[in-house]
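The values are calculated or read from the model by the stated rules, or taken from the named source; none is laboratory data. Computed from a predicted structure; not experimentally measured. Every residue, glycine among them, receives a Cβ derived from its backbone with ideal geometry; neighbour counts consider all protein chains shown.
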Amino acid sequence: MTGRKHICLRFIPKRLLKDLIFTFKTIFLPKMLPVMDYNMNFGETFVSLPKYMLEKDNIEEVADILIDGGVICYPTDTVWGIGCDATRVNAIQRIKSIKGRKHKNGFIILVDSIERLKKYVEELHPRIETLLEMHVRPLTIIYPKAKNLPQEVCGADGSVAIRIVDCALCQDLIAKIDAPLVSTSANLTGAPYPKIFGEISSEIIEQVDYVSKERRWEKTAAQPSTLGLVDNKGLLKFIRE
């Protein structure tokens, strides 16, 4: 046997080939990783799938950019975002400038675990901790009191919005820089958030220091996270389902 893998599909009307190839690229291929090369055999016709779909970011290089105060554009467990090390004020100010953001609202920040979350909130009620362990969809929670974070990522009242992110790239970067990431949607203020990479404005792309190579080809429309608010009594209210 050779190392090359083939998928043989015969007696397929040619008018369906384009849709079939697209479906394979966007749905089945990601589930079959790791893989170096795939070919589809349609009788005498071979179609090679592009290797850009398998590209990965160099975590060391991207982490160095973040540690140096850089700004990146990257995929998350929700929509594509603009981000930086959430402890670096200059980088946070750059994000505001890139987006054209004038208001003083805080940003969502991403952490990779409950343990890291506890470093940045004054109190984590046991009920909320249990919910975070069991919740399936991406869940961002606004906590009443932040700690160990610059005011630039917090609300005017000292609150902070944090999500435990379910995305391998984000988790790896957070662990590598040993700090949370800012995550704000990759759009100019007032414009719709991008549902896919192709909807990100060139104005955003041109101003960041790095654009992730991963998941650019995905065509499934991304959605924002569920959003909850914890009051001073530890009670949670959902404000966006």
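Just the residues that are charged (D, E, K, R) and either at pLDDT below 95 or not assigned by TED's automatic domain parsing to the domain that holds Ala161 (or both), please, taken from the stretch 103-121. Scanning the stretch 103-121 gives a single hit, Lys104. Could you list, in sequence order, all residues of the stretch 179-222 that are more than 18 Å from Asp57 (Cα to Cα) and among the acidic types (Asp, Glu)? Scanning the stretch 179-222 gives Glu199, Glu203, Glu206. Residue count for the stretch 118-133, restricted to those that are surrounded by 14 or more Cβ atoms within 10 Å (Cβ to Cβ), out of contact with any Lys or Arg (no Cβ under 9 Å at 6 or more places or on another chain) and among the β-branched types (Val, Ile, Thr): 1. Which one is surrounded by the most Cβ atoms within 10 Å (Cβ to Cβ), of the residues in the stretch 210-241 that are under 16 Å from the mean Cα position of the chain (by Cα) and among the basic types (Lys, Arg)? Among those residues, the one meeting the criterion is Arg215.
Taking the conditions (1) touching a Phe, Trp or Tyr at 6+ places or on another chain (Cβ under 8 Å); (2) not in a helix (DSSP H, G or I) in turn, Gly106 satisfies each one other than (1).
Checking each residue in the stretch 196-209 for being in contact (Cβ under 8 Å) with a residue 24 or more places away in the chain and surrounded by 16 or more Cβ atoms within 10 Å (Cβ to Cβ) picks out Ile196, Phe197, Ile200, Ile204, Gln207, Val208, Asp209. If you go through the stretch 83-103 and keep only what is assigned to a loop (DSSP other than H, G, I, E, B) and within 14 Å of Asp178 (Cα to Cα), you end up with Cys84, Ala86, Thr87, Arg88. Total residues in the stretch 77-103 satisfying the condition of being crowded, with 19+ Cβ neighbours inside 10 Å and over 20 Å from Cys154 (Cβ atoms): the figure is 4. I need the full set of residues from the stretch 152-195 which are free of Cβ contacts under 8 Å to residues at least 24 places away in the same chain and under 13 Å from Ala86 (Cα atoms), in order please. Of everything in the stretch 152-195, just one residue is free of Cβ contacts under 8 Å to residues at least 24 places away in the same chain and under 13 Å from Ala86 (Cα atoms), namely Asp178.
Only one residue in Lys119, Lys104, Lys147 is touching a Gly at 6+ places or on another chain (Cβ under 9 Å), in contact (Cβ under 8 Å) with a residue 24 or more places away in the chain and among the basic types (Lys, Arg). Which one? Full working, then the answer.
Working: Lys119 fails: touching a Gly at 6+ places or on another chain (Cβ under 9 Å); Lys147 fails: touching a Gly at 6+ places or on another chain (Cβ under 9 Å).
The match here is Lys104.
From the list Asp77, Asp157, the lone residue that is assigned to a loop (DSSP other than H, G, I, E, B) and in contact with a Cys (Cβ under 8 Å, 6 or more places away or on another chain) is Asp77.
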